[in-house]
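S.K.: This is the structure, below, for whatever I ask next.
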Amino acid sequence: MGLSEMDVMCKTRTVLTLMGGVLNVAVSFVVFCFLDLVDLVLCFVYKVLDFCIESEWKSKKPGSCSKEAINGSGKIIVSEKGEIESEVVCLSSSRLQLEEISDTLYSRTSLVTEISKLTINELKNLKFDAHILQSNDKIKKGTLRSTITVNSTIVKMLQGRMIGQHLYPVTRWSDCDCHFCNSWTYSTKDTLYVKAESPKDKAKEDVLFIHGFVSSSAFWTETLFPNFSSKAKSTYRFLAVDLLGFARSPKPNDSLYTLREHVEMIETSVLEAYEVESFHIVAHSLGCILALAIAVKHPGSVKSLTLLAPPYYQVPKGESATQYVMRQVAPQRVWPPMAFCASVGGRYEHIARTVSLILCKNHRLWDFLFKLVTRNKIRTYLLEGFIRHTHIASWHTLHNIIFGTAGKLDRYLDIVRDRLNCDVNVFHGKDDEVIPLECSYNVQKRIPRARVKVVENKDHITIVVGRQKAFARELEEIWKKSTRS
């Protein structure tokens, strides 16, 4: 093949790539404008259904349906119909802890609304300068107070919890009511489900396993636990937890599933319940954020930190951390397919609820069909973790943990670097389309001693599943080295 032919092929490939990119943007614009409208319609549909079935207009979970303000006195002004008709909720700002709530829950860019705003802004430009002058006069006179926007349901959830009332029933009509999903309601203990495996004699060390988003403890117990060596099983106590809102753990519908709630539940259910003093942590995906928060809170107790596909994005200066990470995870593109699924699941609250209604509420049907098609020859633990949660749990956890902690991870990693002496190991599948490989290298940039291992031909799930024996050996070596040091 001559040089000229190679040049032609390179130019052709460049042109095709450019055309594909333009086509992706154009198709994405049309598709997501349509989804904006669908989500708006579904918002009203669920309002009607919730009213008819639950007898209250309670479908407005922290989303985009209404906004409120907190004034300088610490009172929350809930505005449903503008500033004239407002409901004032008196709550202590110190107990609100609004920093735990991601702004992406009530502020997400919509292509339709953005176009509408551009049009409206053009019409308002003539009045803008006069408005600024009036605002400056009010600020000088002290008549204008600074405000922040919050969602009314967030306020009412917090208020209800303070006075012992619940905004939603224990099991909503759109959630599964089977015994597996609601086993926590039959227990007197308000703790997470923990699968513990310990040696007959007293274990020398403890290992805490934290799963990722829409997963369960089975991600570890069905893969790693059976493949640890007999020596490891006689040395370590393995503790795998179902996170709040997932699998067998409690799924309270009045929870906001903040970082604080997740961490405190792990502390109560694992560290305190099992009297854990020092421990190793193994975490996957979203679980890596919880692992870092726990490590920062218990710096003297963590012996090693193993992170698999940590979702750590370096946020450019001047950018809103939460909004930036949401754009990275849910970029509003139809291609690749993973980006499309993440965009739908992360940006459209009511479409996501519909998906949850179809999959999670009817998980027993999907379990049956899957076993029928595969003739019951394939284990379904990954499917069980993926479709056994509530919409409220998954929606709030996604926004408050993955998006909402974006501005905190720099500080967490700095604390791990400067104050913790534990080994930090990072694993990432080279073919991971959920969390980009650069996220693991970002961790290493922040913590130079962290060791990053890129596993060829493995993705977000097969970084463990399919190589559990090899990974079990790698973990044992990490723990052994940490013990010696």
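The values are calculated or read from the model by the stated rules, or taken from the named source; none is laboratory data. Everything numeric here is computed off the predicted structure, so don't read it as measured data. Every residue, glycine among them, receives a Cβ derived from its backbone with ideal geometry; neighbour counts consider all protein chains shown. To get the accessible areas, we keep the full protein, side chains included, count just its heavy atoms, and leave off ligands, DNA and RNA. Shrake-Rupley method; radii C 1.70, N 1.55, O 1.52, S 1.80 Å.
S.K.: Only Cα pairs under 8 Å and at least 6 apart count here; give the relative contact order of region 335-444 as a rounded whole percent.
M.R.: RCO, region 335-444: 26 percent.
S.K.: Follow-up. Using label points projected 7 Å from each Cα along Cα→Cβ, tell me how many nm separate Lys408 and Cys341, to one decimal.
M.R.: 2.8
S.K.: Cβ neighbours within 10 Å, averaged per peptide: list 340-348, 307-315 in order, most packed at the top.
M.R.: Result, highest mean Cβ count within 10 Å first: 307-315, 340-348.
S.K.: If I take R0 = 45 Å and measure r between the Cβ atoms of Lys47 and Ile415 in this structure, what FRET efficiency does the formula 1/(1 + (r/R0)^6) give, to the nearest 0.05?
M.R.: Rounded to the nearest 0.05, the efficiency is 0.55.
S.K.: Residues with amide H under 5 Å of Val426's amide H, sequence separation 5 or more or different chain, H placed in the peptide plane at 1.01 Å from N; which?
M.R.: Sorted by chain and number, the residues that satisfy this are Leu307, Arg451, Val452, Lys453.
S.K.: For region 282-292, what does the Karplus curve 6.51 cos²θ - 1.76 cosθ + 1.60, with θ = phi - 60°, yield as ³J(HN,Hα) per residue in whole Hz, taken in order and with x for Gly and Pro?
M.R.: For region 282-292, the Karplus curve yields 10, 9, 10, 6, 3, x, 5, 5, 5, 4, 5 Hz.
S.K.: Cα centroid distance between region 1-49 and region 415-485, in Å?
M.R.: Measuring centre to centre over Cα atoms gives 33 Å.
S.K.: Calculate what fraction, in whole %, of the accessible area of region 189-334 sits on carbon and sulfur atoms when a 1.4 Å probe is rolled over the protein chains.
M.R.: For region 189-334, the apolar C and S fraction of the accessible surface comes to 45 percent.
S.K.: If we sort 411-417, 328-334 on the protection proxy, mean other Cβ atoms within 10 Å, highest first, what's the order?
M.R.: 328-334, 411-417
S.K.: Same structure, new question: Assuming 0.36 nm per residue, please report the length gained on full extension of the stretch Ser183 to Ala273 beyond their Cα-Cα distance.
M.R.: Contour length minus the Cα-Cα distance gives 30.5 nm.
S.K.: Hey, can you grab everything whose amide H is under 5 Å from the amide H of Val464? Only 5+ residues off in sequence or another chain; H modelled, so Pro and N-termini drop out.
M.R.: none
S.K.: In sequence order, what are the phi-derived ³J(HN,Hα) couplings for region 5-21 according to the Karplus relation 6.51 cos²θ - 1.76 cosθ + 1.60 with θ = phi - 60°, rounded to whole Hz, with x for glycine and proline?
M.R.: Each residue of region 5-21 in turn: 5, 5, 4, 5, 5, 5, 5, 5, 4, 5, 5, 5, 5, 5, 5, x, x Hz.
S.K.: Full-extension gain between Ala470 and Gln314, please, as 0.36 nm times their residue separation minus the C-alpha to C-alpha distance.
M.R.: Stretched out fully, the Ala470 to Gln314 stretch lengthens by 53.1 nm.
S.K.: Right, here's the next one. Taking R0 as 45 Å, what's the FRET efficiency between Leu372 and Glu54 from their Cβ-Cβ distance, rounded to 0.05?
M.R.: 0.85
S.K.: I've got another one for you. Determine the alpha carbon to alpha carbon distance for each of Lys233/Lys303; Lys303/Lys469; Lys251/Lys458 and list only those over 20 Å.
M.R.: With Cα atoms farther than 20 Å apart: Lys303/Lys469; Lys251/Lys458.
S.K.: Assuming 0.36 nm per residue, please report the length gained on full extension of the stretch Val452 to Thr171 beyond their Cα-Cα distance.
M.R.: 96.9 nm
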